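To start, the structure itself, in structure tokens.
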Amino acid sequence: NSCDELGLMVWQDFMFACSMYPGHHSFTENVRAEVRDNVKRLRQHPSIALWCGNNEVNVAWFNWGWQKEAEYSSEDSTEIYQNYQSIFRTIIPEEIERLDPNRDYVHTSPLSNWGSPENFKHSSMHYWGVWHGRDPFDQFSENIGRFNSEYGFQSFPAFSTIQDFIDGADELGLESTAMKHRQKSYIGNAMIKTHAERHFPKTHTFEDFVYVSQLTQALGIKTAIEEHRM
């Protein structure tokens, strides 16, 4: 409702992400029911601009090495991708066409992978060269997709929030067991530290570093958004 009132356009994903899905009848009928329920629930909102079938399933299948990692045979791979086509290219758009025919649908996000310069010239893009690719912030100016539907940069929460879940002053540090345990990115703390030291003076307390991590995130996102808008 707030998006309707404020004129904010919503890209609405269905709840599928970063995984392949089975194609047997009971599962696909459950998918159909879930899509039907959610389209009926949300279609009256003028803020809904686009329905999207999933997040990063297609780009993952073709670029993340799942077939090799799981040792799928060619027959396995064919069946798994046929299941993808059935769910995201047939079942979901059929329900949308029936229940909300005046809105567009795209089967996945992104439609283009950020690894190649040519890919920035078409379709939606998740540009993670800054972060996963370890690119500096100025690469946001060089790598501008047709529509960047995902990108970002981590920071830490407010220091007061960290104090709520850290027990003991000896754990208030970037290299503490408690802080490492809560970092779920394989490059997270190192990336934050690298970029923070690149753009801001060196800090002398962990509390100051936490604050500077937020300034660093703000600078990165600001850089990206300004380039996208231009």
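3J(HN,Hα) along segment 157-165: x, 4, 4, 5, 5, 4, 4, 5, 10 Hz, from the Karplus curve 6.51 cos²θ - 1.76 cosθ + 1.60 with θ = phi - 60°, whole Hz, x for Gly and Pro.
Note the per residue figure in Å³ for the convex hull of the C-alpha positions in segment 94-230. Write down the numbers at each step before the final one.
On the way: hull volume 21.6 nm³, N = 137.
It is 158 Å³ per residue.
The relative contact order of the chain comes to 16 percent, based on Cα pairs under 8 Å that sit 6 or more residues apart.
Give me the 1.4 Å probe accessible area per residue for segment 133-230, excluding ligands and nucleic acids, in Å².
Values: 6000 Å² over 98 residues.
So segment 133-230 comes to 61 Å² accessible per residue, rounded to a whole number.
Between the residues PRO93, PHE209, ALA178, the greatest Cα displacement towards the positive end of the dipole of the chain, with unit charges on the Cβ of Lys, Arg, Asp and Glu, is found for PRO93.
If you take the Cα centroid of segment 56-87 and the Cα centroid of segment 115-174, the two points sit 27 Å apart. Scattering from segment 51-108 was approximated by placing one identical point on each alpha carbon and applying the Debye formula without solvent; log10 I(q)/I(0) at 0.30 1/Å stands at -1.21.
Are there any GluC sites (Glu not before Pro) in segment 48-111 that are in a DSSP loop and have at most 11 other Cβ atoms within 10 Å? List them by number.
Listed in order of number, the matching sites are GLU71.
About the centre of its Cα atoms, the chain shows a dipole size close to 380 debye [charges on the beta carbon of Lys, Arg (+1) and Asp, Glu (-1) only; nearest 20 debye].
Quick one: what do you get for segment 1-67 if you divide its Cα Rg by 2.2 N^0.38 Å?
Details: Rg = 14.8 Å, N = 67, 2.2 N^0.38 = 10.9 Å.
Cα-based Rg divided by the globular estimate yields 1.36.
Think of the chain as a dipole: +1 on every Lys or Arg Cβ, -1 on every Asp or Glu Cβ, centred on the Cα centre; then among ILE80, MET230, GLY23, MET230 lies furthest on the positive end.
For Cα pairs less than 8 Å apart in space and 6+ apart in sequence, what is the mean separation divided by the residue count of segment 1-66, i.e. the relative contact order in percent? Walk me through the intermediate numbers first.
Working: 57 pairs, mean separation 36.0, N = 66.
Over segment 1-66, the number comes to 55 percent.
Near ALA17, the amide H atoms lying under 5 Å from its own belong to ASN55; only residues 5 or more places off or on other chains count, and H is placed 1.01 Å from N. In straight-distance terms, cross-link reach from LYS193 covers every one of the lysines whose alpha-carbon lies under 17 Å from its own, apart from those fewer than eight places away in the same chain; here that gives LYS180, LYS184, LYS202. Over segment 187-230, what percent of the accessible surface lies on carbon and sulfur atoms, probe 1.4 Å? Carbon with sulfur: 56 percent of the solvent-accessible area. On the accessible surface of segment 1-84, probed at 1.4 Å, how many percent belong to carbon and sulfur atoms? Carbon-and-sulfur percentage of accessible area, whole number: 50. Using the alpha-carbon positions of segment 136-193, Rg (one decimal) and Dmax (whole number) come out as 15.2, 48 Å. Of the GluC sites (Glu not before Pro) found in segment 122-214, those in coil by DSSP whose Cβ has at most 16 other Cβ atoms within 10 Å are GLU175. For the chain, the Cα gyration tensor yields ellipsoid semi-axes of 37, 22, 20 Å (square root of five times each eigenvalue, largest first, whole Å). Across ILE162, ILE91, ILE144, mean-square fluctuation computed from a Gaussian network of the chain (C-alpha pairs under 10 Å connected) peaks at ILE162.
Protein heavy-atom accessible surface, 1.4 Å probe, per residue over segment 1-73: 61 Å². Can you spot the aspartates and glutamates whose alpha carbon is less than 13 Å from LYS121's alpha carbon? Ignore those fewer than 8 places along the same chain. Result set, ordered by chain and number: GLU142.
Grab the DSSP H runs of the chain that are 4 residues or longer, score each as -39,500 (n - 2.57), total them, divide by all residues and round the 222 nm result to the nearest 500 deg cm²/dmol.
Numbers: 11 runs with 107 residues, N = 230.
My calculation for the chain gives -13500 deg cm²/dmol from helical runs alone.
How large is Rg over Rh for segment 1-128, taking Rg from the Cα atoms and Rh as the Kirkwood inverse mean of 1/r across Cα pairs? Write out the running numbers ahead of the final one.
Numbers: Rg = 16.0 Å, Rh = 15.9 Å.
My calculation of the ratio gives 1.00.
The values are calculated or read from the model by the stated rules, or taken from the named source; none is laboratory data. Everything numeric in this text was worked out from a predicted model, so none of it was measured. Here Cβ is always computed from backbone atoms with ideal geometry, including for glycine, and neighbour counts include all displayed protein chains. Heavy atoms of the whole protein, side chains included, go into the accessibility calculation; ligands, DNA and RNA do not. Shrake-Rupley method; radii C 1.70, N 1.55, O 1.52, S 1.80 Å.
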